[in-house]
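The values are calculated or read from the model by the stated rules, or taken from the named source; none is laboratory data. Owing to the predicted nature of the structure, the values given are computational and were not obtained by experimental measurement. Cβ atoms come from the backbone with ideal geometry, glycine included; neighbour counts cover every protein chain shown. Heads up: the accessible areas ignore ligands, DNA and RNA and are worked out on the full protein's heavy atoms, side chains in. Shrake-Rupley method; radii C 1.70, N 1.55, O 1.52, S 1.80 Å.
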Amino acid sequence: MEGRGRGYRYVGPAELRALVGPGNAGRRIRTAADFDDWMSASARTPAEPAEPFTFVVDTSGVLRMAPRRSEHVVCAGGGPVLSAGEIGFRRESGRWVVREVSNQSTGYCPDPGSWPAVADALDAAGIAHPPGFTHEVVFRRCPACPELNIVREEDFVCVFCDGALPREWNVDGAAA
């Protein structure tokens, strides 16, 4: 992953990792045609494109997509990622563009600094996007009680024990 940014290991429940199986990883989206094919797949319901989807950027920098209620660890095939979250699209001038995108993944807890990996993967696939996450989630692990926290409004205090949370990302204790 050298040169591609920090990697994130799966830190969620083991029972969700157990859902990973051969052939059930998210669809690799390398081109706009890949994305068009995926969006028009017969399994899509008419309402599905209006909802955000599950995405990861794998360690080779490729966007992987899965239906919204999919687990990020399954979408990633169980491996580490460069980013993960939810992403929504709309049609604009005859092509798909990103409407919204977040780093909301409690399985990987990527830092907002993972945006460049998402932008690079979308650029490579020819999909227009905003300049950053439209909704950023800040994850931190409490050093005192080791609970996972979502930091809101720059309040770096553990909601479980009132301990101070670090300013730097520390969810898994090591880069993947």
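Below, the figures for the structure above:
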{"read-out": "Percent carbon-and-sulfur accessible area, region 40-176, ignoring ligands, DNA and RNA, probe 1.4 Å", "value": "50"}
{"read-out": "Accessible area of residue 37 in the full protein assembly, 1.4 Å probe (Å², nearest 10)", "value": "90"}
{"read-out": "Relative contact order %, region 106-176, counting alpha carbon pairs below 8 Å whose residues are six or more apart", "value": "25"}
{"read-out": "Full-stretch length increase - residue 36, residue 6 - with 0.36 nm per residue and alpha-carbon distance subtracted", "value": "7.9 nm"}
{"read-out": "Value at 222 nm in deg cm²/dmol, rounded to 500, when DSSP H runs of n ≥ 4 in the chain each add -39,500 (n - 2.57)", "value": "-3500 deg cm²/dmol"}
{"read-out": "Distance (nanometres) between label positions extended 7 Å along Cα→Cβ at residue 100 and residue 160", "value": "2.8"}
{"read-out": "Kirkwood hydrodynamic radius over Cα pairs of region 78-147, then Stokes diffusion coefficient at 10 °C and 1.306 mPa s, in µm²/s", "value": "121"}
{"read-out": "Share, in percent, of DSSP beta bridges within region 39-176 that are antiparallel, nearest 5", "value": "90"}
{"read-out": "Relative contact order, percent, the chain [alpha-carbon distance under 8 Å, six or more residues apart]", "value": "22"}
{"read-out": "Solvent-accessible surface (1.4 angstrom probe) belonging to residue 150, in square angstrom, nearest 10", "value": "70"}
{"read-out": "Semi-axis lengths, Å, the chain, gyration tensor of Cα atoms, sqrt of 5 times eigenvalues", "value": "28, 17, 15"}
{"read-out": "Distance (nanometres) between label positions extended 7 Å along Cα→Cβ at residue 128 and residue 172", "value": "3.5"}
{"read-out": "As computed over region 88-128, the Cα convex hull volume per residue (Å³)", "value": "69"}
{"read-out": "Where labels lie 7 Å past Cα in the beta-carbon direction, separation of residue 28 and residue 51 in nm", "value": "2.7"}
